[in-house]
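A short worksheet on the structure shown next.
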Amino acid sequence: MTSAQASKDHPEGQKPPLLMDDHTVATVRESKILILLRGLPGSGKTELAKEVEQKYKDSARLFSADQYNIRPAVRSSTGGEYAKLDEDLNSCCERHEASIIIVDDTHHDRERLEELFDLANKFQFTVIVLEPKTPWRLDCSQLKDKNHWKLSLEELKNLRPTLEKDMLPLYFGWFLAKRDEDNLRKTAHEFLEQLGNLKAFKKHLQAFSCEDKHKMDLLKYFAKTPNILHCTTKFCDYGKAPGSEEYAQLEAVRKGYSKAFTLHISALFVTPRTAGAQVELTQEQLHVWPSDAEKEAMPKDVLPRGSRAHITLGCASDVQDVQAGIDLLEFVKLQQAGREGENMGELLGGKISYYDSGMWMLVLPRKKEVKTIFSGYYGKSGVTAPHLGGKKGLLSQCQIV
Ligand code: 2AM
């Protein structure tokens with residue numbers, strides 16, 4: 001296919017933001033991204049994959065199933081045919097050879113996709129699933145003449161069913177670019193260290209479940225930290241959560257997918273259950289914010305739209321990360337009722353306040369900006385998102401990219 005033909009097949013307006021939008025291109029370059037092309041043979045995946053590779057040529061590696069001679073087919077189990085591709089993919093990740101990895105394959109098979117999601121989780125890559133928008137992408141009679149594997153009409157029809165449906169993630173959200181993520185982890189680390197050493201904090205330890213009632217290590221207490229720091233917009237549970245299909249269809253969500261957004265963090269908070277960062281959403285960001293996000297968490301209250309927006313930094317053991325948004329709404333409710341918290345002085349140059357029941361909030365002296373990519377978290381159905389733990393907790397993933 002010529003490049004003129006390729007651009008006719010993918011009109012500019014339908015190209016993903018990671019090809020079109022300068023801010024997104026710059027943010028993707030600062031992130032670790034696994035891009036999975038998905039679609040029937042002949043639908044235009046390869047052109048799109050090459051265009052992405054070209055755009056990010058200094059930091060990208062393209063793996064194409066075609067080059068490994070993997071014929072698109074419905075298989076009872078994925079096996080030997082992917083061994084070499086997987087070996088090369090793993091080696092590329094282990095050696096940090098590329099921060100943007102593109103895999104061009106039909107990706108019709110859930111089991112195969114789950115292997116790639118595992119890889120992304122293991123090496124902390126944000127996943128972006130890209131599907132070509134060509135008009136014939138699901139038209140098997142046209143694809144029969146276009147696919148170079150010479151697949152028959154019947155073979156194409158067998159591959160089509162899973163590719164017709166939207167693939168919903170566990171959740172949609174804004175995923176922090178690597179450098180900003182490392183930076184926020186460091187700030188959070190300092191915050192927890194300094195708060196734990198604050199005299200006033202040591203006086204109010206009753207609410208925390210710790211053995212020593214005079215001092216505690218908040219870094220150990222919140223050792224469970226998300227694999228990639230993110231701000232969840234919509235929890236979909238792979239389509240099982242109410243409203244997830246409608247959410248995925250929203251124009252702002254479809255257009256925003258793979259786009260960069262800069263989030264503004266205004267405060268950090270700690271409760272006996274979670275540590276998190278409060279995010280103040282802009283008007284543009286509110287367009288991808290579900291209209292019932294606050295009601296879902298606090299059905300009896302009327303809370304400002306976007307007030308649940310947060311980044312979970314850590315959870316106490318046995319606490320689910322969904323709790324951080326609920327904890328943040330508890331602060332918002334108190335503030336709405338006119339309770340500003342008791343001023344306990346300064347930390348990291350900002351005002352630290354105590355709100356009873358072990359709830360602490362640090363208002364940052366300046367809003368902290370973090371660059372993110374709007375995408376989904378994908379994993380194995382029925383399995384919750386992985387966490388990091390261990391001695392270094394929050395900092396265990398910081399690395400130079
Ligand atoms: P979080 O955004 O507060 O961290 C995977 O579990 C991710 O989805 C977590 O990051 C988590 O919360 C979010 N999540 C889990 N269950 C949820 C729910 N019922 N509603 C909203 N978000 C949820």
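Since every read-out is calculated from the coordinates, none of them should be taken as a lab result. This structure is a prediction, so every number in the text was calculated from the model and none was measured. Note that we place each Cβ from the backbone using ideal geometry, even for glycine, and neighbour counts take in every protein chain shown.
Here are the numbers for the structure shown:
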| quantity | calculated |
| --- | --- |
| Selection of GluC sites (Glu not before Pro), the range 181-224, meeting DSSP coil and at most 15 other Cβ within 10 Å | Glu211 |
| For the chain, the Rg and Dmax computed from alpha carbons only, in angstrom | 22.8, 74 |
| Protection proxy ranking of 169-179, 241-251 - average other beta-carbon atoms within 10 Å, highest first | 169-179, 241-251 |
| Crossing angle, helix 110-122 versus the chain [Cα axis fit, 0-90 degrees, rounded to tens] | 40 |
| Given charges at Cβ of Lys, Arg, Asp, Glu: the range 3-164 dipole, positive-most of Ala49, Leu34, Leu151 | Leu151 |
| Pairs from Lys199/Lys371; Lys234/Lys255; Lys15/Lys371; Lys32/Lys259; Lys55/Lys380; Lys133/Lys157 whose Cα-Cα separation, in the structure shown, is over 26 Å | Lys199/Lys371; Lys55/Lys380 |
| The chain: antiparallel DSSP beta bridges as a percent of all, rounded to 5 | 75 |
| Entries in Lys186/Lys333; Lys57/Lys367; Lys295/Lys368; Lys165/Lys224 that, when Cα-Cα distance is taken, lie over 31 Å | Lys57/Lys367; Lys165/Lys224 |
| Of Thr225, Ser209, Phe235, farthest towards positive along the dipole that unit charges on Lys, Arg, Asp, Glu beta carbons give the range 199-248 | Ser209 |
| Amide H partners (placed H, <5 Å) of Lys259, local residues excluded | Phe374 |
| Extension gain (nm, one decimal) between Leu250 and Tyr68, 0.36 nm per residue minus Cα-Cα | 61.8 nm |
| Calculated Rg and Dmax of the range 138-275 using C-alpha coordinates, Å | 23.6, 74 |
| Cα-based Rg / Dmax (Å) for the range 185-261 | 19.3, 53 |
| C-alpha center-to-center spacing [the range 266-342, the range 207-263] in angstrom | 11 |
